[in-house]
1. Specify the residue that is farthest from the chain's Cα centre (by Cα); the eligible residues are those in the stretch 44-61 that are loosely packed, with under 14 Cβ neighbours inside 10 Å and either part of a loop (DSSP other than H, G, I, E, B) or at pLDDT 90 or above (or both).
2. Could you check, for the stretch 62-83, whether at least one of its residues is in contact with a strand residue (DSSP E or B) (Cβ under 7 Å, 6 or more places away or on another chain) and without any contact (Cβ under 8 Å) to a residue 24 or more places away in the chain?
3. Could you list all residues from the stretch 165-191 that are farther than 15 Å from residue 141 by Cα and either under 17 Å from the mean Cα position of the chain (by Cα) or in contact (Cβ under 8 Å) with a residue 40 or more places away in the chain (or both)?
4. Could you check the stretch 133-168 and list, in sequence order, the residues that are assigned to a helix (DSSP H, G or I) and surrounded by 24 or more Cβ atoms within 10 Å (Cβ to Cβ)?
5. Select from the stretch 13-24 the residues that are within 15 Å of residue 139 (Cβ to Cβ) and in contact with a strand residue (DSSP E or B) (Cβ under 7 Å, 6 or more places away or on another chain) and list them in ascending order.
């Protein structure tokens, strides 16, 4: 299968069909057990650990179902954290983080910690954190599963609009037909195979 730049994909299939494993392999969280993945001309099987770290840090943005935010950091600090690890200069970091907070509608909540925010607000922080890296690919594993339908739709719409602005490809897994409707391509998995 080919994933094209700037396109919105949704993986669907029953529980246990391999969606999370597939996303983890695409995001270099799990190793490939068979076959290979070509990413920007690089074969995943041939990558050294430092090359994998570079791709994870700079070219892939992750949005998880349970947000994976640092509870002791504010929304602003959670978004900035990975930019620090990328070595982005302070002035540029501040500009990127402030733009992201405004883009996701959280400017007034920038000083709040995750436990002081609603689920939708926490997911917006996760979206902002993924997008500030300006990644080539955004990977989301059931990013709307713990949100109500209205908030979930707002998050997916936000992702779509920001992806259009930044040119990132989006690959989400979801059982939600609302998410399927946003996707330009629906990828069905069954028993570990694309159908």
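1. Applying the filter and picking the extreme gives 48.
2. Within the stretch 62-83, none of the residues are in contact with a strand residue (DSSP E or B) (Cβ under 7 Å, 6 or more places away or on another chain) and without any contact (Cβ under 8 Å) to a residue 24 or more places away in the chain.
3. Within the stretch 165-191, 165, 166, 167, 168, 182, 184, 185, 190, 191 meet the criteria.
4. If the condition is that a residue be assigned to a helix (DSSP H, G or I) and surrounded by 24 or more Cβ atoms within 10 Å (Cβ to Cβ), then 156, 159 are the ones that fit.
5. 18, 19, 20, 22, 23
The values are calculated or read from the model by the stated rules, or taken from the named source; none is laboratory data. Note that the coordinates shown come from a computational prediction; the quantities given were computed from them, not determined experimentally. Note that we place each Cβ from the backbone using ideal geometry, even for glycine, and neighbour counts take in every protein chain shown.
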